[in-house]
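Everything below concerns the one structure shown next.
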Amino acid sequence: MSWFFAKSDEITREQMEQLVLKCGEQCLQRINGKPKKVLLLPPDITRAHSGSGWITNILYHFFENVGADVYLMPTLGQHIPHTPEQNQWMFGDIPERKILVHDWINDCTTIGTIPADYVKEISGGAADWDIPISINRLVLEGGWDIIVNVGHVVPHEVLGFANHNKNYIIGLGGKDTICTSHMAAACYGIENNLGSLVTPLRHCFNKAESEFLSHLPDVYLQVVMKYNNEGKLVHSGLYCGDDLDTYLMAAKQSKSENITIVPPLKKVVAVMQGDEFFSTWVANKAVYRTRKAMADGGELIIIGPGLKRFGEQDSVEAIIRKYGYAGTPRVLEQWKKNADLQDLTHATAHLIHGSSEGRFKITYAPKYLTREDIESVHYNYLDYDQAMKMYSPDKLQNGFNLLDNGEEVYFISTPSAGLWTTQEKLNQ
């Protein structure tokens, strides 16, 4: 059930801290009054702007102060592990030895399967294969008295909205789960997923949680954020509870606050923060979150001050460099006959998600990747220094801007925090 929630135009840092402590106290009352072992499950560094790092730090010290042995495991999915420096930047003074690392290849155990006939029915025939459910065995075998999932509910390209049981099934999921589920979502269609409260894959995950994870002593602490009148990203909601309604309440608020209705946009400039986004694997959120707003023949310019590679693992890097973001028909054609795409279908899905299907131009302005790199994967290239001069983020405001040369651009400072769409393409 939903334990409690708070919703406001802006929840201050002090108010958020008190709400986080209330979550800890409720855990003692509702789950275990004298926990010996506690596991905290925050998102990875690409969602650091949500405040999940300092929220996790507060929970760590709260449970430590009541005598528990507290650990945290960032829900990396298949992302690369944090460095000790990144952990310190995101989670503060939590000791490195208390931060567990999820390995999606070696650390997971299968707990059940969503059968192909259910997947086919719920996806309208778009996908017709089993989705095995495998998650990190430490979640199941660690002897935890309390598990707290911390996360940011925001529009998402695979599940409609991020967080809730995605934390377990993708964030701590195994290769078979991540690959089969991402491909199912890609075949159903990224634009059908974005901004939908319950997508076919979310249905599958809800079924998996109910059948395979209901015994866990857990709770979800979910935040919602929005831009205030000064253009600053602030907290506007916090939802705490152990059921599906807790997710739905947060997702409905996110749907009302994080989706911006715009006319078809001819030129969009987006910035992917250099301390969070190091690969197109994650920086392509700029593509996902704006694609429903882009006009036919328009251009999306992505400024990437931290961009150094395409994939996060060497195997995925090789796939992106080999096939590129070539559009759905071409990728599916290659998927049917190439073993590497069949083995790492989450990468195949990523190639589909990251293409504009020829409808608009995607131009990257990376600080470290070369023109040859960018053009080899079917994107357009813009020199980073030139982009910073033409479209200085310090001089642009979120929304429409008229440049000195008379050009109109639509600027987005944090694409990962929302979804932009025309009214026509809004998923109801």
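The values are calculated or read from the model by the stated rules, or taken from the named source; none is laboratory data. Every value quoted in this text rests on a predicted model; they were computed, and no experiment measured them. Counting neighbours? That spans all protein chains shown, and the Cβs are built from the backbone with ideal geometry, glycine included. For the accessible areas, the whole protein counts, side chains as well, though only heavy atoms, and no ligand, DNA or RNA atoms are used. Shrake-Rupley method; radii C 1.70, N 1.55, O 1.52, S 1.80 Å.
Classify segment 154-275 as rounded, prolate or oblate, taking a ≥ b ≥ c as the square roots of the eigenvalues of its Cα gyration tensor: rounded when a/c is under 1.5, otherwise prolate if a/b is larger than b/c and oblate if not.
Numbers: a/c = 1.98, a/b = 1.35, b/c = 1.47.
It comes out oblate by the Cα gyration axes.
May I ask you to give the solvent-accessible area per residue for segment 318-428, in square angstrom, as obtained with a 1.4 angstrom probe?
Numbers: 5620 Å² over 111 residues.
That works out to 51 Å² for each residue.
According to the square roots a ≥ b ≥ c of the eigenvalues of the Cα gyration tensor, what is the shape class of segment 347-428, taking rounded for a/c under 1.5, prolate for a/b larger than b/c otherwise, and oblate for the remainder?
On the way: a/c = 1.95, a/b = 1.05, b/c = 1.86.
Since a/c reaches 1.5 but b/c is at least a/b, the shape of segment 347-428 is classed as oblate.
Over the chain, what percent of the accessible surface lies on carbon and sulfur atoms, probe 1.4 Å? Please report the intermediate quantities before stating the final value.
Numbers: 8000 of 16760 Å².
Its accessible area is 48 percent carbon and sulfur atoms.
For the chain, what is the calculated [θ] at 222 nm in deg cm²/dmol (nearest 500), taking -39500 (n - 2.57) for each run of four or more DSSP H residues and dividing by its residue count?
On the way: 18 runs with 152 residues, N = 428.
One gets -10000 deg cm²/dmol as the mean residue ellipticity at 222 nm.
Cut-off 16 Å, label point 7 angstrom out along Cα-to-Cβ of residue 206: give me the residues of segment 182-199 whose amide nitrogen falls inside.
193-199
If you take the C-alpha gyration tensor of segment 234-317, multiply each eigenvalue by 5 and take the square root, what semi-axes do you get, largest first, in whole Å? Spell out each step's value before the answer.
Details: eigenvalues 152, 88, 28 Å².
Gyration-tensor ellipsoid for segment 234-317: 28, 21, 12 Å.
Report, please, the projected area of segment 63-189 averaged over directions, based on the convex hull of its C-alpha atoms, in nm². Spell out each step's value before the answer.
Values: hull surface 34.8 nm².
Average of the hull's projected areas for segment 63-189 equals 8.7 nm².
Could you pull out every one of the lysines with an alpha carbon less than 26 Å from that of residue 308, ignoring same-chain neighbours closer than 8 positions?
175, 267, 285, 322, 361, 367, 389, 395
Consider a paramagnetic label point 7 Å from the Cα of residue 32 along Cα→Cβ; state which residues of segment 123-161 have an amide N under 11 Å from it.
142-148
Roughly how much of residue 403 is accessible, in Å² to the nearest 10, using a 1.4 Å probe?
Its accessible surface works out to 30 Å², give or take rounding.
Would you mind telling me which residue in 287, 158, 331 has the biggest mean-square fluctuation in a Gaussian network model of the chain, where springs connect alpha carbons within a distance under 10 angstrom?
331
At 1.4 Å probe size, with every protein chain present, just tell me what the per residue accessible area of segment 59-188 comes to in Å². The partial results should precede the final answer.
Details: 4490 Å² over 130 residues.
Per-residue accessible area for segment 59-188 comes out at 35 Å².
Summing Lys, Arg as +1 and Asp, Glu as -1, what charge do residues with Cβ under 14 Å from the Cβ of residue 292 carry, residue 292 excluded?
Values: positive: 255, 285, 289, 291, 359, 425; negative: 157, 191, 296, 357, 424.
Around residue 292, the charge tally is +1.
Please compute the contact order of segment 152-250 in relative form: average sequence separation of alpha-carbon pairs under 8 Å and at least six residues apart, divided by the residue count, as a percent. Write down the numbers at each step before the final one.
Details: 126 pairs, mean separation 27.2, N = 99.
So the answer I get is 27 percent.
Counting C-alpha atoms alone, how compact is segment 1-105: give Rg to one decimal and Dmax as a whole number, in angstrom.
Over segment 1-105's Cα set, Rg and Dmax evaluate to 14.3, 42 Å.
Which aspartates and glutamates does residue 120 reach when only Cα atoms under 16 Å apart count, and residues fewer than 8 places away in its own chain are ignored?
128, 130
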